[in-house]
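Each remark here refers to the structure printed beneath this line.
The values are calculated or read from the model by the stated rules, or taken from the named source; none is laboratory data. Computed from a prediction, not measured in an experiment: that's the story for all the values here. In this analysis, Cβ positions are derived from the backbone assuming ideal geometry, glycine residues included, and neighbour counts consider all displayed protein chains. Ligands, DNA and RNA are stripped out before the accessible areas are found, and what is left, the full protein with its side chains, is counted by its heavy atoms. Shrake-Rupley method; radii C 1.70, N 1.55, O 1.52, S 1.80 Å.
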Amino acid sequence: MNDTPLSLTLFGVAVAFYVAALIGFFVYIPIRRRRIADTALGLVALAWPFHLASILTRAIEAGHWPLGNIYEYSTGISFVIATTFLVISLRAGQRLIGVPAMILTIGLMAVAYMLYVPPGNLVPALHSYWLTIHVTSMATASGLLVFSSFFAMFFLARRWGDGYALATAGAGSGGAVVSGGGGAAVIRGGGGGGPMGSLAGSLRHLPPATTLDSWSFRFVMIGFPVWTFGVMMGAVWGEHAWGRYWGWDPKETFSFIVWVVFAIYLHARVTYGWRETRAALITVIGLVAIFADLYAVNLWIAGLHSYARA
Amino acid sequence: MATATAPPQRARRPPAPPPRRPPRLRAWLGRFWHQYTRMRTAIYFLIGILCIVLIGTFVPQEFTSASQKVSEFAAAHQNLDDLATHLGLPLTSVFVSPLFYILLASLYIALLSCVLTRGRALIVRTLRGYPRTPQYWGEWGSWMFHTSFFLLVVAVVWGKATGFDGIMTITEGQRVAETQASYDTLQEGMLFDGHHSGYEVQLNRFSAPLQSNGMPSDFVSNMTVYDGGRPVLTQDVRVNEYLGYHGVDFYQQDYGWAPHMVVRNPAGEVVSDTAIQMISDDKTASTGVLKVPAFNYTLPGQSKPTQIGAKLVLYPDAQALPQVSGASNGLNFSYAPGTAAARNPVLEVQLFVGDLGLDSGASQDVFTLDTGGMTPYYSGAAAFALPLHQTTTLGLPAASGGTANFTVSFPDLRQFSLFHVKQDNGVPLVYAAFVLTMTGLLTKLYLRPFLERRRRMRKAILHPVGVAASPPGEPPPRGVGEEVLTR
Ligand code: HEM
């Protein structure tokens, strides 16, 4: 027990690369050189195999599927986030999403480290295939759904920036608008002036609002069915282990809350007056709910599930 | 209520029947119904449900939290709770509160109207052979998804109503019939036909091997089912492995110690020979009660035979604490709990003599001893220690002025298992509802976009120029910000 397990060493290497990547993404906000963003992305790609290896070695050390306690679970979700980020940045050229993605990845791994549990046996209730399917789905869905909130936050920021520019341009103070190439670009003019103006100007480096909105929706589209499936598998496990598929246990209740929040989102998407700003705010509530589910419920509210701590 | 007011759009017929209601009311109801069945309303209902459920996670709930926490909360927030209860939302039982059910019912009524109208429209479209657009499949998906919630409710309600749910404790070596009388607690559904299956289950062995950290690595009940007196099934029951036979399922839920005690009265007759189920939070110290109503010995000067009872504490791994005084009759040792393993089982017995109060009907509870009509055997109700495999001889006054000896022994230590036992025929239907939910959701969210993309690609191949303008999966620009500025 005195030696650091290999899994934890690998975990540390991954975190170090992620932190370096995050610094890179921060630098990229004011200094918009493609090479900086690519370097940061490269650091994430470098961290990824260490992260994966950490999870795999942990599974071997502990002798079970590595989602059996809150350390393993947090590490798992952060892995889903890092992976998803790599995929969308490679396939769709999204770089700035690296800022929230890395903040959350590092944050989760920090929490994982603080709640570290040495590899060991599981309590009897956790020996189940249904449970394995359940926790894997929940971790995957959590990692995917957070991206809908990231994009929604970007969407809100971009909308605000657009609105600000529109207002100042409308006031006739002469923001320069240049159209060129395939798309359109706006060059910050004297228009807004002051810190607000420059903030609004830098927000306009984000992709267009409609693109951000559709990315946000896309992640609900992927994450919501996985979450739904995960909750159902939890019910099947509950039926097998305890003889009840639902019992309003705090953990179950919170997973239901998250589910309803995203169901509201899907309804809001097709309801006038709700589809843009409010829909985006709903996914942000969803983000809060996911993490309340993960940490508040596990650490402060007791229930059948609370052995996840041990 | 739902069927009385037809949706306004369908009032296409000429004004033949005279309106039964004043037209104003009718129009008002029509408008109400229209508003009520809008998606926006569904959003508000969902938000309402969300709020109630949120309360349910933070306030201890009667059915899921420790009862002590619930009463603590009730005591600390008396006024708030009273107010909420008046509003139909008792805070410590929100999941069964009137307000919660009203909200759910409202949502379901709106959902029903939506599912019926859209289902009818879909069937009409199918029957008339309209083209199968991606939109069409998407609507089927959405319809299946929403309909699955009805299936779910039917499954839950029907399963609970026609089944039962109870707790049964069985000691090692004991054979118990699946009948009403065998349960510690039992809740039968409203439509349960009252027929329990009647077969017997026997707990052959229980084991809970401990890890080095003192936690059990597993807990396992080896059980045999006897149907018509013949053994038909033997299996291990553990947390993730239940025993199911004839629609009744046994789930391992808890376990405890059951010391076997034998009492002989002064005449040497065995007047009590039982394994006593003990309760405990952790298994290192448990408490229980011994009652011997038919002790069959009358104390001098009394008209009725006396009874004896005892409060018991069991330490499976007792750690002796020697006390100051030097006498060594066992009275001067008291014990502290050790581990949960049966390494040195000792019972501490606090004996009482007198009337158990069973006739009054007040104290039938097997876990409490009513000592109102009894006197402690030792002054100060001191306990004596009774290690495993030992017998203690105790005296009572005899008619001759001498002593009548009786014995209490502890020949072996058994364990009992506590099972959650239930019959719920709705479970397969619940799973069917799950499958329908997933099928609908995947159809809506994936099949439709997939078909749309395929269609777009076909079009793009046929007419390479016309379609490229709007990127896949994205709605056309909505005219905000950049787009407006540039145009
Ligand atoms: C009052 C009850 C409800 C009404 C009137 C209603 C109505 C609708 C409608 C009309 C759509 C279709 C949107 C479209 O075709 O694009 C929809 C979609 C959806 N509804 Fe509901 N709904 C209700 C309740 C619920 C409930 C209880 C849930 C479960 C949480 C739910 C989950 C969804 C989801 C996930 C979608 C998105 C899939 C889709 O777009 O069809 N709905 N709802």
Notebook entry, point to check: Would region B:39-55 turn up any residue that is more than 16 Å from the ligand (Cβ to nearest atom) and out of contact with any Cys (no Cβ under 9 Å at 6 or more places or on another chain)?
Noted result: yes
Note to self: Tell me the residue from A:G93, A:G12, A:G120, A:G42 that is among the small types (G, A, S) and touching a residue at least 24 places away in the same chain (Cβ under 8 Å), please.
What the structure shows: A:G120
Item checked: Unique match (being closer than 30 Å to B:Y446 by Cα and within 16 Å of the ligand (Cβ to nearest atom)) among B:L127, B:L107 -> B:L107
Check: When you look at B:A267, is it open to solvent by 30 Å² or more (accessible area, probe 1.4 Å) and closer than 30 Å to B:G357 by Cβ, yes or no?
Finding: yes
Notebook entry, point to check: Pairs, please: C-beta under 9 Å, at least 6 apart or cross-chain, first residue more than 18 Å from A:I264 (Cβ to Cβ) and open to solvent by 60 Å² or more (accessible area, probe 1.4 Å) and in region B:28-48, second away from the ligand (no atom under 11 Å from the Cβ) and not in a helix (DSSP H, G or I)?
Noted result: B:F32/B:T5; B:H34/B:P7
Check: Among the strands (runs of 3 or more DSSP E) confined wholly to region B:191-258, which include 1 or more residues that are among the charged types (D, E, K, R), surrounded by fewer than 17 Cβ atoms within 10 Å (Cβ to Cβ) and in contact (Cβ under 8 Å) with a residue 12 or more places away in the chain?
Finding: B:200-207, B:220-227, B:230-237
Next item on the list: Six or more apart or on different chains, Cβ under 7 Å: which pairs go from a residue in region B:135-146 that's over 15 Å from B:F450 (Cα atoms) to one that's of a type outside the set (A, V, I, L, M, F, W, C) and near the ligand (Cβ under 6 Å from one of its atoms)? Could you list them?
Entry: B:S142/B:K444; B:F145/B:K444
Item checked: Hits in region A:267-281 (condition: within 12 Å of the ligand (Cβ to nearest atom) and open to solvent by 40 Å² or more (accessible area, probe 1.4 Å)) -> A:R269, A:V270, A:R275
Checklist line | Count - residues of region B:337-367 that are modelled with pLDDT under 85 and surrounded by fewer than 16 Cβ atoms within 10 Å (Cβ to Cβ) | finding: 9
Next item on the list: Name the helices (runs of 4 or more DSSP H) wholly inside region A:192-310 in which the number of residues that are at pLDDT 85 or above and facing chain B (nearest Cβ under 7 Å) is 2 or more.
Entry: A:209-242, A:250-269
Next item on the list: Kindly list the number of the only condition in (1) closer than 20 Å to B:Y36 by Cβ; (2) open to solvent by less than 30 Å² (accessible area, probe 1.4 Å); (3) more than 16 Å from the ligand (Cβ to nearest atom) that fails for B:F100.
Entry: (3)
Notebook entry, point to check: Yes or no: B:Q61 within 14 Å of chain A (Cβ to nearest Cβ) and away from the ligand (no atom under 16 Å from the Cβ)?
Noted result: yes
Checklist line | Any hit, region B:142-161, residues being more than 16 Å from the ligand (Cβ to nearest atom), of a type in the set (D, E, K, R) and open to solvent by 30 Å² or more (accessible area, probe 1.4 Å) | finding: yes
Notebook entry, point to check: All but one of (1) more than 21 Å from A:Y295 (Cβ to Cβ); (2) of a type in the set (S, T, N, Q); (3) open to solvent by less than 50 Å² (accessible area, probe 1.4 Å) hold for A:S78; which doesn't?
Noted result: (1)
Next item on the list: Would you check if there is a residue in region B:184-193 being within 15 Å of the ligand (Cβ to nearest atom) and more than 13 Å from chain A (Cβ to nearest Cβ)?
Entry: no
